[in-house]
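The values are calculated or read from the model by the stated rules, or taken from the named source; none is laboratory data. Not measured: the values here are computed from a predicted model. Using ideal geometry, Cβ is built from the backbone for each residue, glycine included, and neighbour counts are taken over all protein chains shown.
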Amino acid sequence: MGKYFSMNELEVGTQLKIKKTRIVGTLKVVHHYPTTFTIEFGDGSFQNYKTNEVEVVKTEDA
């Protein structure tokens, strides 16, 4: 059985895609209880999202 992946283990700097808008941003802060993420976008804006609203962008070296 494989190792369980927890969204709480994401590192700052991880690229995340917003499921609803398909916009990609960079993870800046992980907040716990409930887990939410502060994401920075290319225009310099920040927004908070819940774990079910984002997906990790796969990189070639991952």
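Give the residues of the stretch 27-52 that are of a type in the set (D, E, K, R) and assigned to a strand (DSSP E or B), sorted by residue number.
Correct list: 28, 40, 50.
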Given the conditions (1) of a type in the set (Lys, Arg); (2) modelled with pLDDT under 95; (3) in a strand (DSSP E or B), and given that residue 3 satisfies all but one, which numbered condition is not satisfied? (3)
Counting only residues that are surrounded by fewer than 10 Cβ atoms within 10 Å (Cβ to Cβ) and not in a loop (DSSP other than H, G, I, E, B), how many does the stretch 9-26 have? 1
Whichever residue in the stretch 27-45 is out of contact with any Phe, Trp or Tyr (no Cβ under 8 Å at 6 or more places or on another chain) and surrounded by 12 or more Cβ atoms within 10 Å (Cβ to Cβ) and, among such residues, is modelled with the highest pLDDT: 41
